[in-house]
C-alpha cells in the first residue's frame with residue numbers, strides 16, 4: 001500500500017491520516033475536500049496534496065471515504081468506475097447496510113470493505129483530528145463479499161488498523177446496524193431528549209445539578225447535520241430501540257407512581273450490571 | 001463554631017470533615033456511625049472520635065446529617081430534644097420538603113437549615129471522601145424559618161461553606177425539589193433505563209459502541225439503596241419529569257417513523273442549546 005486517498009478530511013479522515021503517519025506510513029496521502037480544507041490540511045501536515053475525486057480514486061491503493069453517509073453514497077456512485085481493481089475501498093460511515101448496497105451496485109469487481117471506527121469526539125473538523133483517536137477502540141468491518149477477506153489488500157489494511165492501535169472486528173452489516181442502534185444511536189437520542197426536555201421545562205437556577213448532568217448532556221452537543229443521515233439510514237432499528245427504551249421508562253414511571261420499589265430495584269440492578277460489564281469488557285472501558 | 005458532629009461518615013460526611021480541616025477548622029469533629037466506620041474514620045484522620053447520637057447532638061455547635069434521607073428523618077425525630085438552642089442543624093439530603101417538615105415538627109426552637117451539596121461520585125463510602133469534593137459546586141440551602149438567615153450561627157456556617165470552596169445558594173424547599181427532579185433525578189432514571197434496556201436487548205459484541213455510551217451509563221452504576229429514598233420523597237415531581245421526558249421521546253419516535261426531519265432538527269437544536277448553556281453557566285461547568 002503506497003498511496004492513500006482520503007475523501008472528507010474532517011475529524012475521522014484527518015485522524016486516520018495522522019494515525020497512519022504516526023504508525024510509520026511513508027507513502028503518499030491525498031485528500032478530497034473543498035480547496036479551503038485541503039489547504040488547511042496541507043499546512044497542518046495531514047495530507048500531501050488535494051485531488052479531484054475521479055483522479056484520487058484512480059491513483060490510490062487505499063480509498064478511505066470519511067464523509068457523511070449521504071456523501072459516501074454519492075461518492076461510491078461517482079467513483080465506482082475509476083477505482084483500480086487492485087485497490088481497496090473502505091469507509092467510516094456510522095451505518096453499513098445502505099453503504100454496502102451502494103457498493104454492490106457501483107463497485108463491481110472492486111474490493112469494498114465497509115468500516116466503522118468506534119471513536120469520536122463532540123468536536124468536529126480537521127482541527128480536532130488526533131493521531132490517537134482510534135487507539136484501543138474497536139474498528140468494525142463489514143466486507144461486501146466474504147471472499148475479499150482473503151485478498152492480500154485486505155490483510156494489509158487490517159495490519160495498518162492494528163498498527164494505529166485499533167481493534168478490527170468483522171461483523172455482518174445488518175448485525176452492525178442493529179448493535180449501533182442500541183449502543184450509539186439510542187444513547188444520542190436519549191441525551192438529546194433529556195437536554196430538550198430540560199430546555200422546555202427550564203429548571204432555572206444555574207448550578208443546581210450534580211456532575212452527572214454534564215455527562216448525560218454531552219452527546220446532546222452533537223449536531224443534527226451528522227445525525228440526519230444516520231437516523232435516515234437505520235430507521236427500523238432506531239424506532240425499535242426507542243420503543244424498548246420508552247417501555248422501560250414507562251415501567252419505571254408506573255413503579256414510581258404505585259410505589260412498587262421492588263420493580264425499580266430490579267431495573268436499577270439490570271442497569272448497574274450492564275454498566276459495570278461495559279467497563280469490564282470494553283477495550284476502551286474504564287475511561 | 002468549635003465543635004462539629006457528623007451523622008453518617010460516608011462520602012459526603014467524610015468529605016465535609018476533610019474539607020473543614022483543609023480550610024483551617026481546628027475544633028473537634030465527632031462522628032456518629034457504626035463502630036467499624038468510626039474506627040476507620042479515626043485512623044484516616046477524618047474524625048477525632050465517635051459518639052452516640054444524643055451525646056453528639058448535645059455537644060456540637062454544628063450538626064451535619066449526611067445520612068440517607070430516611071435515616072435523616074429518623075435522626076431528626078430522635079435528637080430534636082437533645083440539640084442545644086445555640087446549635088445549627090443542617091443536612092445533605094437530596095430532597096428537602098420532607099426533611100423540612102420533620103424539622104418543623106421535631107426541632108422547634110432550634111436553627112434548622114436544609115442543605116444539599118450538588119456534588120457526588122459514583123464511588124460511595126468513607127474511602128472515597130475527598131476534601132475538594134465541594135469545590136466550585138453549588139451548595140443549596142433551604143432554611144426552615146426565614147428569620148434564621150439573620151442568626152450569627154447561620155452566617156458562620158455560610159462562611160465555612162465558602163472557605164471549603166462551595167457556592168451557597170438559598171432556595172425554597174419545594175422549588176429545590178422541583179429543580180432536582182429535572183436536573184438530578186430524571187438524569188439518573190434516564191441512565192438507569194438506558195442501561196437496563198441495553199441489558200435486556202443484549203447488543204452482544206463487546207466494544208461496538210462510541211465513547212458516549214460510557215458517559216451515558218455512568219449514573220447507572222449508582223445503587224438503588226440511595227435512590228429508593230430520593231424517589232419516594234419526590235414522587236410527584238419525578239413522575240411529572242418522567243412524563244415530559246417520555247413525551248419528548250415519543251415526539252422523536254414519531255418524527256423518525258414519519259421521516260419528519262424538521263421536527264428532530266428542532267429537538268436537537270433545543271437540546272444542543274441547553275447543553276451548551278449548562279457548560280457556560282454552571283459553576284462546575286466545562287468539566
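For the stretch B:248-265, which residues satisfy the criterion of being within 7 Å of chain A (Cβ to nearest Cβ) and surrounded by 15 or more Cβ atoms within 10 Å (Cβ to Cβ)? Of everything in the stretch B:248-265, those that are within 7 Å of chain A (Cβ to nearest Cβ) and surrounded by 15 or more Cβ atoms within 10 Å (Cβ to Cβ) turn out to be B:248, B:249, B:252, B:253, B:256, B:261, B:264, B:265. Quick one: is residue A:200 modelled with pLDDT under 95, touching a strand residue (DSSP E or B) at 6+ places or on another chain (Cβ under 9 Å), surrounded by fewer than 24 Cβ atoms within 10 Å (Cβ to Cβ) and more than 30 Å from residue A:134 (Cβ to Cβ)? Spelling it out, it is not the case that residue A:200 is modelled with pLDDT under 95, touching a strand residue (DSSP E or B) at 6+ places or on another chain (Cβ under 9 Å), surrounded by fewer than 24 Cβ atoms within 10 Å (Cβ to Cβ) and more than 30 Å from residue A:134 (Cβ to Cβ). Taking the conditions (1) surrounded by fewer than 16 Cβ atoms within 10 Å (Cβ to Cβ); (2) touching a helix residue (DSSP H, G or I) at 6+ places or on another chain (Cβ under 8 Å) in turn, residue A:237 satisfies each one other than (1). Scanning the stretch A:160-181 finds one or more residues that are without any contact (Cβ under 8 Å) to a residue 12 or more places away in the chain, farther than 28 Å from residue A:232 by Cα and surrounded by fewer than 17 Cβ atoms within 10 Å (Cβ to Cβ).
For residue A:210, the test of being buried (at least 21 other Cβ atoms within 10 Å of the Cβ) and outside any helix (DSSP H, G or I) is passed. So is residue B:270 free of Cβ contacts under 8 Å to residues at least 12 places away in the same chain, surrounded by 16 or more Cβ atoms within 10 Å (Cβ to Cβ) and either facing chain A (nearest Cβ under 7 Å) or under 18 Å from residue A:257 (Cβ atoms) (or both) or not? So residue B:270 passes the test. All of (1) farther than 18 Å from residue B:186 by Cβ; (2) facing chain B (nearest Cβ under 7 Å) hold for residue A:181 with one exception: (2).
Every condition in (1) modelled with pLDDT of 95 or more; (2) assigned to a loop (DSSP other than H, G, I, E, B) holds for residue A:29 except the one numbered (2). Yes or no: the stretch A:88-111 includes at least one residue that is surrounded by fewer than 24 Cβ atoms within 10 Å (Cβ to Cβ), touching a residue at least 60 places away in the same chain (Cβ under 8 Å) and over 30 Å from residue A:40 (Cα atoms). Looking through the stretch A:88-111, at least one residue is surrounded by fewer than 24 Cβ atoms within 10 Å (Cβ to Cβ), touching a residue at least 60 places away in the same chain (Cβ under 8 Å) and over 30 Å from residue A:40 (Cα atoms). Beta carbons closer than 7 Å, at least 6 apart along the sequence or on distinct chains, pair a first residue in the stretch B:10-34 that is over 16 Å from residue B:116 (Cα atoms) with a second that is at pLDDT below 95 for B:27/B:1. The helices (runs of 4 or more DSSP H) found wholly in the stretch A:42-125 and carrying at least 2 residues that are over 21 Å from residue A:3 (Cβ atoms) occupy A:69-79, A:97-106.
Mind telling me which of the residues B:150, B:116 ends up being under 30 Å from residue B:244 (Cα atoms) and either touching a residue at least 60 places away in the same chain (Cβ under 8 Å) or more than 10 Å from chain A (Cβ to nearest Cβ) (or both)?
One residue alone meets the criteria, B:116.
The values are calculated or read from the model by the stated rules, or taken from the named source; none is laboratory data. Since the model is a prediction, treat every value here as computed from it, not as a measurement. Methodologically, a virtual Cβ is constructed for each residue, glycine included, from the backbone with ideal geometry; neighbour enumeration extends over all protein chains shown.
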